[in-house]
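> Got a structure for you, questions after.
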Amino acid sequence: MSETKKKVALRSAEWFGTQDKNGFMYRSWMKNQGIPDHEFQGKPIIGICNTWSELTPCNAHFRKLAEHVKRGILEAGGFPVEFPVFSSGESNLRPTAMLTRNLAAMDVEESIRGNPMDAVVLLVGCDKTTPALLMGAASCDIPAIVVSGGPMLNGKLNGKSIGSGTAVWQLHEQVKGGEISMHDFLAAEAGHSRSAGTCNTMGTASTMACMAEALGTTLPHNAAIPAVDARRYVLAHMSGMRIVDMVWEDLRLSKILTKEAFENAIRVNAAIGGSTNAVIHLKAIAGRIGVPLELEDWTRVGKGTPTVVDLLPSGRFLMEEFYYAGGLPGVIRRLGESDLVMHKNALTVNGKSLWDNCKDAPIYDDEVIRPLTKPLLDDGGICILRGNLAPRGAVLKPSAATPELMQHRGKAVVFENFEHYKERIMDPDLDVDKDSVLVMKNCGPKGYPGMAEVGNMGLPPKLLAQGVKDMVRISDARMSGTAYGTVVLHVAPEAMAGGPLGIVRDGDYVELDCANGKLNLDISDAEMAQRLAARAEEHVEGAKSGYQQLYINHVLQADEGCDFDFLVGMRGSKVPKHSH
Ligand code: FES
């Protein structure tokens, strides 16, 4: 390693490597933390980008996680420096954490580029923190390794396992349908989230942890080790050790985040029954590193991949069981043995290929990681839809949908926005039946700034009482990865950006055809043109200043990853000039 060492000029030397006024100033202020002089003499400086926050409960254990990363960095001869970045927590942040994903990514990028660091460890957990930190680091393109916080232990209620988020949707529908009491509903709260960690279903946090591992940005098994399992802390330690070598090997993100890596991740998303949010986040990360990724890649690569991971919300088990069954390396091995991982040579952060890491991975439980011959679903690829209702695309998650509803024609019941939906859905006289299609507008990136996860509209109480379990729902919103149903999401362009979704009326017929990737409004082209021309311009209330205004003015549509237009691309890690 010493020979390689000599070839790599440390970026941090631009701060600490000179015996002059500038070197004095950079070192001297750091020394107020009790750092001895020899620490500044040629050791790689490793940033630990921490999304710890007590307001992001899923990441609240990250101080301890960071300590273990530090131990690894110190053991390998590096100099750890921990720094905070904006923590986008899913459960508390209003109106939606997605509104701040780009804010966090901007924070990460500028924190890395402007500071003395040669590499960075990204501590991620709750949904948006994973894409945000990868986006920011990708724009800088320095060596980076992801360490996830890990999922919570299985939730428990009355002796049975319950899954994060998914249990909430189910219990809420049971309360509305009169199957359980409000007392029982509230009693479920404590057992639902009973340990540190992220949602234990295959929701967006688990999906993005799997995506980070499939992309090659983590050590093997990062996605599934429970947050409270000692092996999570061992992985943090090993990641700290590894990142120091990555500096000497100049193993930057651009060598790992290749088109091949994204295609592997798309296939893995189908195999795990992953969240639709991955479509948006992978596009945004790819955009930062300069990899072209289109919605059609999800069809080309993902279509035909069976869902083999039997986890809620699509299946039966939870992340804890997934880890015990073999975790993501087991899934990749299963796919690879039938040539379903197309790019076996894709490089990962440990310097080995994805396939080298996974080819001998054991699988301990065929119920949780099912054989390809007995999948949960034959084709788990995210379904990409286009048509006159979604000229720039929409998505549907087949593993969460009702197969019979994936080919459906029904009369639209239209809600102008989320508030209108909440008010109207309770109306006992609402003209709706089980074949209706619920259509909600103005919940896209600009319309509900941040594109809230409200697309899985709860069903009308009067139909729930009749035992109806699912209906076709369409919107420009997103859906929580923990949710389920025949739900068409991310309709682009969104209603607020002039998309045809905005001109749907009650009683219009809508046609969903997943097999052929179609989503159409059954009106003539002339009628469509006339309605679009007649539509009044709409504005988002209360967003005339501040961050929300910046967001609305610059956010890209769902098919483009909802990044800000001015943040797309890699700007590198060139050291900025001195200010003194
Ligand atoms: Fe944080 Fe689900 S709310 S991971």
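The values are calculated or read from the model by the stated rules, or taken from the named source; none is laboratory data. As the structure is a prediction and not an experimental result, all values here were calculated from the model. Heads up, the Cβs are rebuilt from the backbone with ideal geometry, glycines too, and the neighbour counts pull from every protein chain shown.
> Among the listed residues Asn520, Asn516, Asn456, identify the single one that is within 27 Å of the chain's Cα centre (by Cα) and over 29 Å from Thr201 (Cα atoms). Full working, then the answer.
Working: Asn520 fails: within 27 Å of the chain's Cα centre (by Cα); Asn456 fails: over 29 Å from Thr201 (Cα atoms).
Matching residue, one of Asn520, Asn516, Asn456: Asn516.
> Within the stretch 14-35, count every residue that is of a type in the set (Ser, Thr, Tyr) and in a helix (DSSP H, G or I). Break it down into steps so the answer makes sense when it comes.
At the first step, the residues of the stretch 14-35 found to be of a type in the set (Ser, Thr, Tyr) are 18, 26, 28.
If we keep only those that are in a helix (DSSP H, G or I) too, we end up with 26, 28.
Counting residues in the stretch 14-35 that are of a type in the set (Ser, Thr, Tyr) and in a helix (DSSP H, G or I) gives 2.
> Going by what's in this entry, would Ser111 be described as at negative phi, out of contact with any Cys (no Cβ under 9 Å at 6 or more places or on another chain), more than 16 Å from the ligand (Cβ to nearest atom) and of a type in the set (Ser, Thr, Tyr)?
Details: at negative phi: yes; out of contact with any Cys (no Cβ under 9 Å at 6 or more places or on another chain): no; more than 16 Å from the ligand (Cβ to nearest atom): yes; of a type in the set (Ser, Thr, Tyr): yes.
No, not satisfied.
> From the list Arg531, Arg571, Arg473, which one is charged (D, E, K, R) and more than 26 Å from Gly450 (Cβ to Cβ)?
Arg531
> Where in the stretch 228-333 are there helices (runs of 4 or more DSSP H), lying fully within it, with 1 or more residues that are of a type in the set (Ser, Thr, Tyr), out of contact with any strand residue (DSSP E or B) (no Cβ under 6 Å at 6 or more places or on another chain) and within 30 Å of Leu567 (Cβ to Cβ)?
Numbers: elements: 230-248, 253-256, 259-272, 277-289, 319-325.
In the stretch 228-333, 253-256 are the helices (runs of 4 or more DSSP H) which contain 1 or more residues that are of a type in the set (Ser, Thr, Tyr), out of contact with any strand residue (DSSP E or B) (no Cβ under 6 Å at 6 or more places or on another chain) and within 30 Å of Leu567 (Cβ to Cβ).
> May I pose another question? Of (1) touching a residue at least 60 places away in the same chain (Cβ under 8 Å); (2) away from the ligand (no atom under 16 Å from the Cβ), Gln174 satisfies all except one. Which?
(1)
Yes/no per residue for (1) without any contact (Cβ under 8 Å) to a residue 12 or more places away in the chain; (2) aliphatic (A, V, I, L, M); (3) farther than 18 Å from Val124 by Cβ:
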position: Asn32; (1), (2), (3): yes, no, yes
position: Ala60; (1), (2), (3): no, yes, no
position: Glu67; (1), (2), (3): yes, no, no
position: Phe79; (1), (2), (3): no, no, yes
position: Phe86; (1), (2), (3): no, no, no
position: Glu90; (1), (2), (3): no, no, no
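> To continue, here is another question. Just checking, how many residues over the stretch 536-547 are modelled with pLDDT under 95 and surrounded by 13 or more Cβ atoms within 10 Å (Cβ to Cβ)?
Qualifying residue count for the region: 3.
> Hey, can you tell me all the residues within the stretch 558-573 that are crowded, with 22+ Cβ neighbours inside 10 Å and assigned to a loop (DSSP other than H, G, I, E, B)? Don't jump to the end; show me each part of the working.
So in the stretch 558-573, the residues crowded, with 22+ Cβ neighbours inside 10 Å come out as 558-559, 561-563.
Matches in the stretch 558-573: Gly561, Cys562, Asp563.
Yes/no matrix, rows are residues, columns are (1) away from the ligand (no atom under 16 Å from the Cβ); (2) within 19 Å of Pro57 (Cα to Cα):
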residue: Ser195; (1), (2): no, yes
residue: Asn200; (1), (2): no, yes
residue: Cys210; (1), (2): no, no
residue: Thr218; (1), (2): yes, no
residue: Val234; (1), (2): yes, no
residue: Ile243; (1), (2): yes, no
residue: Met246; (1), (2): yes, no
residue: Leu257; (1), (2): yes, no
residue: Glu260; (1), (2): yes, no
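> Shifting gears a bit: Just the residues that are surrounded by 19 or more Cβ atoms within 10 Å (Cβ to Cβ), away from the ligand (no atom under 12 Å from the Cβ) and part of a helix (DSSP H, G or I), please, taken from the stretch 72-103.
Gly72, Ile73, Met98, Leu99, Thr100, Arg101, Asn102
> Here is a follow-up. Residues that are touching a helix residue (DSSP H, G or I) at 6+ places or on another chain (Cβ under 9 Å), buried (at least 21 other Cβ atoms within 10 Å of the Cβ) and assigned to a helix (DSSP H, G or I): does the stretch 342-354 have at least one?
Yes: one or more hits.
> While we're here: How many residues does the stretch 408-443 contain that are closer than 24 Å to Ala515 by Cα and modelled with pLDDT under 95?
Selection size over the stretch 408-443: 0.
> Condition (residue is of a type in the set (A, V, I, L, M, F, W, C), more than 16 Å from the ligand (Cβ to nearest atom) and not in a loop (DSSP other than H, G, I, E, B)) applied to the stretch 47-54: is it met by at least one residue?
Start the filter on the stretch 47-54 by keeping residues that are of a type in the set (A, V, I, L, M, F, W, C), which leaves 48-49, 52.
Within this subset, residues satisfying the condition of being more than 16 Å from the ligand (Cβ to nearest atom) are 48-49.
Narrowing further to those that are not in a loop (DSSP other than H, G, I, E, B): 48-49.
Within the stretch 47-54 (the criterion being of a type in the set (A, V, I, L, M, F, W, C), more than 16 Å from the ligand (Cβ to nearest atom) and not in a loop (DSSP other than H, G, I, E, B)), the answer is yes, since at least one residue qualifies.
> So in the stretch 384-425, with the set limited to residues that are among the basic types (Lys, Arg) and assigned to a helix (DSSP H, G or I), which one is farthest from the chain's Cα centre (by Cα)? Step through it out loud before you land on a result.
Within the stretch 384-425, the first condition is being among the basic types (Lys, Arg), and the residues that meet it are 386, 392, 397, 409, 411, 422, 424.
Filter again for assigned to a helix (DSSP H, G or I), leaving 422, 424.
Details: Lys422: 27, Arg424: 31 Å.
It comes out as Arg424.
> A further question on this structure: Considering the stretch 463-484 alone, what residues qualify as being of a type in the set (Gly, Ala, Ser), away from the ligand (no atom under 16 Å from the Cβ) and over 27 Å from Ile503 (Cα atoms)? Even if it seems obvious, please write down each step before you answer.
So the first thing to find is which residues in the stretch 463-484 are of a type in the set (Gly, Ala, Ser), and the list is 465, 467, 475, 477, 480-481, 483.
When the remaining residues are screened for being away from the ligand (no atom under 16 Å from the Cβ), the result is 465, 467, 475, 477.
Scanning the stretch 463-484 gives Ala465, Gly467.
> Moving on to the next point. Sort out which residues of the stretch 85-110 are more than 16 Å from the chain's Cα centre (by Cα) and acidic (Asp, Glu), and write them in order of number.
Within the stretch 85-110, Asp107, Glu109, Glu110 qualify.
> Mind checking which residues of the stretch 355-383 are outside any loop (DSSP other than H, G, I, E, B) and either of a type in the set (Val, Ile, Thr) or without any contact (Cβ under 8 Å) to a residue 60 or more places away in the chain (or both)? Show your work before the answer.
Taking the stretch 355-383 first, the residues outside any loop (DSSP other than H, G, I, E, B) are 355-358, 369, 377, 383.
Trp355, Asp356, Ile369 - these are the residues of the stretch 355-383 that are outside any loop (DSSP other than H, G, I, E, B) and either of a type in the set (Val, Ile, Thr) or without any contact (Cβ under 8 Å) to a residue 60 or more places away in the chain (or both).
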